[in-house]
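Coordinate-derived values only; no laboratory data. All values derive from a computational prediction rather than experimental measurement. Please note: Cβ atoms are built from the backbone with ideal geometry, for glycine as well, and neighbour counts cover all protein chains shown.
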């Protein structure tokens, strides 16, 4: 799955970013109409990660039958779960995941290593 390449370059990536931002701003504006609060980048990123996490949880439930593995996957942090699911199950490149989560490549590698260590530890503990 080559998401970034399919965008067709930087202009297309910017358009996609603007589309996502507009989508979340409209969604958050509806939620915040009563309070009159403005929406900042942190809220947009947070809501986007929640959506990615919901997708990850659904994929975990449909992919794994092993109850112990399922429990361990669900016990990972939101970022770890998204990284593992998108990298291992969906086959996305680490650089694509970094782009989606708006974090550095090093952070993705670090979180992935932590998650895999937790998964190994859990599966070996009997």
**Subset of the range 47-79 [under 19 Å from residue 107 (Cβ atoms) and surrounded by 14 or more Cβ atoms within 10 Å (Cβ to Cβ)]** = 48, 49, 52, 53, 56, 76, 78, 79
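Filter the range 80-99 for residues that are without any contact (Cβ under 8 Å) to a residue 40 or more places away in the chain and more than 19 Å from residue 64 (Cα to Cα); which is surrounded by the most Cβ atoms within 10 Å (Cβ to Cβ)? Explain how you work it out, then say what you get.
First, pick out the residues of the range 80-99 that are without any contact (Cβ under 8 Å) to a residue 40 or more places away in the chain: 80-89, 94, 97-98.
Among the residues that remain, those that are also more than 19 Å from residue 64 (Cα to Cα) are: 94, 97-98.
On the way: 94: 15, 97: 25, 98: 17.
Across the range 80-99, the extreme among qualifying residues is 97.
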**Fill in**
When the range 80-110 is checked residue by residue, the ones that are more than 13 Å from the chain's Cα centre (by Cα) and on the phi > 0 side of the Ramachandran plot are 91
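Considering only the range 111-126, how many residues are within 13 Å of the chain's Cα centre (by Cα) and not in a helix (DSSP H, G or I)? Give the steps one after another, and end with the answer.
Within the range 111-126, the subset within 13 Å of the chain's Cα centre (by Cα) is 111-112.
Cutting the leftovers down to not in a helix (DSSP H, G or I) gives us none.
Selection size over the range 111-126: 0.
Counting just the residues of the range 113-126 that are in contact with a helix residue (DSSP H, G or I) (Cβ under 8 Å, 6 or more places away or on another chain) and over 15 Å from residue 52 (Cβ atoms), which one comes out surrounded by the fewest Cβ atoms within 10 Å (Cβ to Cβ)?
Just the residues of the range 113-126 that are in contact with a helix residue (DSSP H, G or I) (Cβ under 8 Å, 6 or more places away or on another chain), to begin with: 114-116, 118-119, 122-123.
With the extra rule that they be over 15 Å from residue 52 (Cβ atoms), the set shrinks to 114, 116, 118-119, 122-123.
On the way: 114: 15, 116: 16, 118: 17, 119: 18, 122: 16, 123: 12.
The selected residue is 123.
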